[in-house]
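Single-structure report; data block below.
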Amino acid sequence: MTLQTIESLDPGITGEDREAQPLSPSAGAPQAGAPVRTDREALRVLVVESEPRAAQSLVQGLRRHGYLADSVATGAKALHAHHSADLVLLDLDLPDLDGLEVCRSIRSSCETPVIAITARDTELDRVLGLQAGADDYMSKPYGFRELLARIQAIMRRVRPREPQERIIVRGPLRIDLDNWEVRLDGKPVELTRKEFGLLRMLASRPNSVVSRRQLMAQVWDDSWSRPGRTIDTHVSSLRNKLGSSSWIITVRGVGFRLGHP
């Protein structure tokens, strides 16, 4: 993967703080504004890339989008580290082992999804990569947004969502998802569609902080715009309708979580 490929498509990736860190929650902690995920949702991505600057750029880009990411530079290290990953981004052009053999070894030992990334872009190369066990295949140069979309598509298949409870009760607050109805102490609360979506998202994750970017993606269906004052306006309105600012707690620089007055 070339540095130019990654940085040109994700300008938020800078040359600072690029050193790869272990696959742990603290190492993968997203920067302010990136999605904050619960333990069940956290996705650990292993980047197998021999070029240090390209690997660090990709890791940084993934972290900025809320993933827990780390990198290794050789096939041997990949075979040792892939067991702790939920998904592997595998460059097939490695210095020690053939990438196709690494892919076959990973597939023979587990079901961890593998996206093969390489400059080999002939039809035969793609066929060989998929036959070696890759779940997807991307040729360089590629778009970072396309890579994110492919990761999400693969994980939707291998990580089906758990059925969501249709009625959420948090103390005196009752949210009926089927009927789009909110009651507080038994009294109906009239909400707009966006206010309902915002409250539903916070209430469905009562012990987690939900980032502004996550809210933009799931409530406003906008994954790429920078969160502006729109969310704050809706949060303020929602607090007023619930009768207390304590229902929604602001976590400065990150997002919001559900509180309790």
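Amide H contacts of Leu94 (H built 1.01 Å from N, in plane; Pro and chain starts excluded): Gly99 sit under 5 Å, all sequence-distant by 5 or more or on other chains.
Counting Lys and Arg as +1 and Asp and Glu as -1, what is the net charge of the other residues whose Cβ lies under 14 Å from the Cβ of Thr233?
On the way: positive: Lys194, Arg212, Arg229, Arg239, Lys241; negative: Glu195, Asp232.
For residues surrounding Thr233, the net value is +3.
Neighbours of Leu258 by Cβ distance under 9 Å: Lys/Arg scored +1, Asp/Glu scored -1, total +3.
How large is the charge dipole for the range 52-204, taken about the Cα centre, if only the Cβ atoms of Lys, Arg (+1) and Asp, Glu (-1) carry charge, to the nearest 20 debye?
Values: 23 positive and 22 negative charges, 118 e Å.
In debye, rounded to 20, the range 52-204 gives about 560.
In sequence order, the range 97-106 has phi-based couplings of 10, 6, x, 5, 5, 4, 4, 4, 5, 4 Hz under the Karplus curve 6.51 cos²θ - 1.76 cosθ + 1.60, θ = phi - 60°, and Gly or Pro positions carry x.
In the range 92-128, which GluC sites (Glu not before Pro) are in a loop and have at most 11 other Cβ atoms within 10 Å, using DSSP for the loop call?
Listed in order of number, the matching sites are Glu111.
Residues Ser57, Ser105 in ascending order of nearby Cβ atoms (within 10 Å, fewest first): Ser105, Ser57.
A cut-off of 5 Å between modelled amide H atoms, ignoring neighbours fewer than 5 places along the same chain, links Val47 with Asp70, Ser71, Val72, Leu89.
Computed from the coordinates by the stated procedures, all read-outs in this text should not be read as laboratory data. These numbers were taken from a predicted model, which means no experiment stands behind them. When we count neighbours, we look across all protein chains shown, and the Cβ atoms used for this are built from the backbone with ideal geometry, even at glycine.
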